[in-house]
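The values are calculated or read from the model by the stated rules, or taken from the named source; none is laboratory data. What you are looking at is a predicted structure, and each value in this text was computed from that prediction instead of being measured. Virtual Cβ from ideal backbone geometry, glycine too; neighbours counted across all protein chains shown.
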Amino acid sequence: MPKHSKILILGGPGTGKTSVINGLKNRNYTCFDEVSREIIQQAQQEGIEQLFLTDPLLFSQKLLEGRIKQFEEAEKINEPVFLDRGIPDVTAYMDFKGDTYPEEFLQANKKYTYDQTFIFPIWEEIYQSDNERYENLEQAIEIEKYLEKTYQSLGYNLIEVPKVSVEKRVNFILENIKSNS
């Protein structure tokens, strides 16, 4: 596994990404958590229930800034790093919502690239809404389509993670990471 690998964990809402990130952390891998929950919780403390719905562009700008910061931090780490969601997720969600965004969003998709991408498919049996996840299952399925389209248009090879236990998902990812060769 290359020392500076940036390995992206992506997928629609409620697909088990955070559980797998936590499983990787438990095995002492460096992981960056999803930044949107922090942004959502901060907005809620300021009285804005769903910033993504109230001001999608502001929310997306904050997400983009947070994910770029994570990417730049990952570049400094001399070991593989796992990231929960990536920079192109921002434009995928904006496209899903049907909103416009500045060219800088698209430029960020091209400037900051990940070494490997694992996609978690929608898994109806584990899907749950919560305080920060406003999407219903049908919306989650649509978001997944936008994510796939966005990442594939950028040339990413999406490796689908099977619908198995967290431990088996972690093992699958670790077994399928590119080697140094």
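Listed by position, the strands (runs of 3 or more DSSP E) contained in segment 1-109 that have at least 2 residues being within 17 Å of residue 144 (Cα to Cα) are 6-11.
The set of residues in segment 74-101 that are surrounded by fewer than 16 Cβ atoms within 10 Å (Cβ to Cβ) and either at pLDDT 95 or above or under 15 Å from residue 117 (Cβ atoms) (or both) is empty. Mind checking whether some residue in segment 110-132 is touching a helix residue (DSSP H, G or I) at 6+ places or on another chain (Cβ under 6 Å), more than 20 Å from residue 8 (Cβ to Cβ), at pLDDT below 95 and hydroxyl-bearing (Ser, Thr, Tyr)? Yes, the conditions are met somewhere in segment 110-132. Determine if segment 33-56 includes at least one residue that is in contact with a Phe, Trp or Tyr (Cβ under 6 Å, 6 or more places away or on another chain), among the aromatic types (Phe, Trp, Tyr) and modelled with pLDDT of 90 or more. So far as segment 33-56 goes, no, none of its residues is in contact with a Phe, Trp or Tyr (Cβ under 6 Å, 6 or more places away or on another chain), among the aromatic types (Phe, Trp, Tyr) and modelled with pLDDT of 90 or more.
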